[in-house]
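Following: one structure in structure tokens, then a few remarks.
The values are calculated or read from the model by the stated rules, or taken from the named source; none is laboratory data. All values reported here derive from a predicted model rather than from experimental measurement. Methodologically, a virtual Cβ is constructed for each residue, glycine included, from the backbone with ideal geometry; neighbour enumeration extends over all protein chains shown. Ligands, DNA and RNA are excluded from the accessible area calculation, which covers all protein heavy atoms including side chains. Shrake-Rupley method; radii C 1.70, N 1.55, O 1.52, S 1.80 Å.
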Amino acid sequence: MSLSYVRELDEYPTGARRMKILTMAVLAILIGSYEAQIAPVVPLLLKDLHMSLATYGAVSGVAAVSGALASAVGGRLTDQVGRVRLLVPLMMLTAVCCFVMTLVHSPRDLLIARILLAFVDGVAMASTAPLVRDFSPRVGRAQAFGFWTWGPVGANFLAAAVAGWTLPIFHESWRSQFVIMGCFSLVISIVIALNIADLSPELRARIQLTERRAARVVDLIRPARVSALFARRTIWAHVVGISLWLVLYITLSLFGQTMLVGALGISAAEASTIMAVFWSLNLITVIAAGRVSDRTGLRKPFALGGTVAAVVITAYLAYCLGQENVSTGTLMITGALLGGSLGVAYAPWMANYSEDAEDVDPRLQGTAWGLFGFLTKAIAVIGLLVIPQVVEATSWQVWLIVSLVCLVLFAPAVFLFQGPWRRERTGSVGRAAPVAMAEAE
């Protein structure tokens, strides 16, 4: 018996209908990322729970481990049971978990609540990237994934804006933010449930080149085998490469302001302004680069070019961290260029990874993106535990150089990715898709 909220499509949607479903997937990652935000209320939380920053860091680290494991589990489940069947009820459950946060009265309570929320949210959000793949043909996939990245970044702005507006109204009560978060998430979950849909297993097993042109590459009688995914050198190149690339990205996400304040002695407000410029240009270039990547049918040149530019700019930033009296203007320009260059590389890489995994077996997209979610959260855990220790023993400049080396090591991996370096007459939609099931035997 099918569930009433699961609408399964037997024909690939086109035009406005496809865009509406794609928008719901992007909205889901925005809300899921928003629910995980706690940074705006951390100072209030520490004071109310009589908790040290070290204890909070340990709690966050354990919760991140829970989220990492959940992403891997959720990725496999979304391939087996379907995207929407998993996403909708778990999104509503995450809203309930937000309300549970208001019952926290001790560090132990916080640990339990954050582990629960991180796990449920991790399993739920594992469906969003596969949904973007399902409803974005290859001809427009990099731009679609560019919009997907707006969720995690946009959640930072949303959480900060809501807290700045409502905390004074609720007398600086941190619990108010989780009530607002839970109500908002519950309403949006209902909106998503009413508008989202899933592709039938037969459609998910196809590679959609354009809205109306597709290629069937697998025999549906044979089960999808995860071993086929990990037997490919290309997939391992993606996995290892992006793990190294994310070291810098996660460093800036977790400690961007702290690094600037600690190394240069600027104010927290100045550091926040610099990082706001970083994220703003990142949001712009991730869409712009995705659009150009789709129009040219090229992925690897953008991933490599953006990374090389980021290496040069990161090297300059590391140099600045060792200087005195660096102007705010210089830091803003440097931060903007760094955010922009990382954005140029990211969306085309996501499309490349999706397509390379798709060429193995289109039915394993959830598994592939679950692995990506696991890696992202695992690097965050390492960041929470390792970065403070390294910086305390050396300096922020040393850690930035470590991040720079990791970024450099991503470049060789790009040469192992599939896809052309130069634009071909047939474009990206003409890219051949191998029959992977025969190789999996």
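Once the Cα-Cα distance is subtracted from the 0.36 nm per residue extended length, the Ala16 to Arg295 segment shows a gain of 98.4 nm.
Remark: the stretch 86-190 carries 37 Å² of accessible area per residue (probe radius 1.4 Å; ligands, DNA and RNA excluded).
Protection proxy ranking for 23-31, 175-183, using the average of other Cβ atoms within 10 Å per residue and placing the highest first: 23-31, 175-183.
Annotation for Tyr319 and Val81: the two label points, set 7 Å from Cα along the Cα-Cβ direction, are 5.4 nm apart.
How much accessible area per residue does the stretch 298-401 have, in Å², with a 1.4 Å probe?
Details: 3450 Å² over 104 residues.
With all protein chains present, the stretch 298-401 gives 33 Å² per residue.
Just the protein heavy atoms count here, and of the accessible area of the stretch 181-278 at 1.4 Å, carbon and sulfur take up 63 percent.
Please give the peptides 142-149, 287-294 ranked by average Cβ packing (other Cβ atoms within 10 Å per residue), highest first, as a rough proxy for protection.
On the way: 142-149: 25.1, 287-294: 21.8.
Order by mean packing, descending: 142-149, 287-294.
Distances between placed amide hydrogens fall under 5 Å for Asp198 paired with Arg7, Glu8, Leu9, all partners being 5 or more residues away or on another chain. Using the Cβ-Cβ distance between Val408 and Leu194 with R0 = 41 Å, the FRET efficiency computed as 1/(1 + (r/R0)^6) comes to roughly 0.30.
What length, rounded to one decimal in nm, is gained on full extension from Ser227 through to Glu211, with 0.36 nm per residue of separation minus their alpha-carbon distance? Could you put the intermediate results ahead of the total?
Details: separation 16, 0.36 × 16 = 5.76 nm, distance 2.99 nm.
Working it through step by step, the gained length comes to 2.8 nm.
Above 32 Å lies some portion of the pair distances; for the chain, what is it as a whole percent of all C-alpha pairs? Each step should come with its number before you reach the end.
Working: 35740 of 97020 pairs.
Pairs farther apart than 32 Å: 37 percent.
Element breakdown for the stretch 59-105 at a 1.4 angstrom probe: carbon and sulfur atoms account for 78% of the accessible area. For the chain, list the DSSP H helices whose alpha carbon atoms reach 20 Å or more along the long axis and whose average Kyte-Doolittle value is 0.0 or above? Long hydrophobic helices here: 15-35, 53-81, 83-100, 107-125, 141-166, 174-195, 233-264, 268-296, 300-321, 328-360, 365-393, 396-414.
When the accessible area of the stretch 304-417 is split by element with a 1.4 Å probe, what percent falls to carbon and sulfur?
Numbers: 2890 of 4000 Å².
Carbon with sulfur: 72 percent of the solvent-accessible area.
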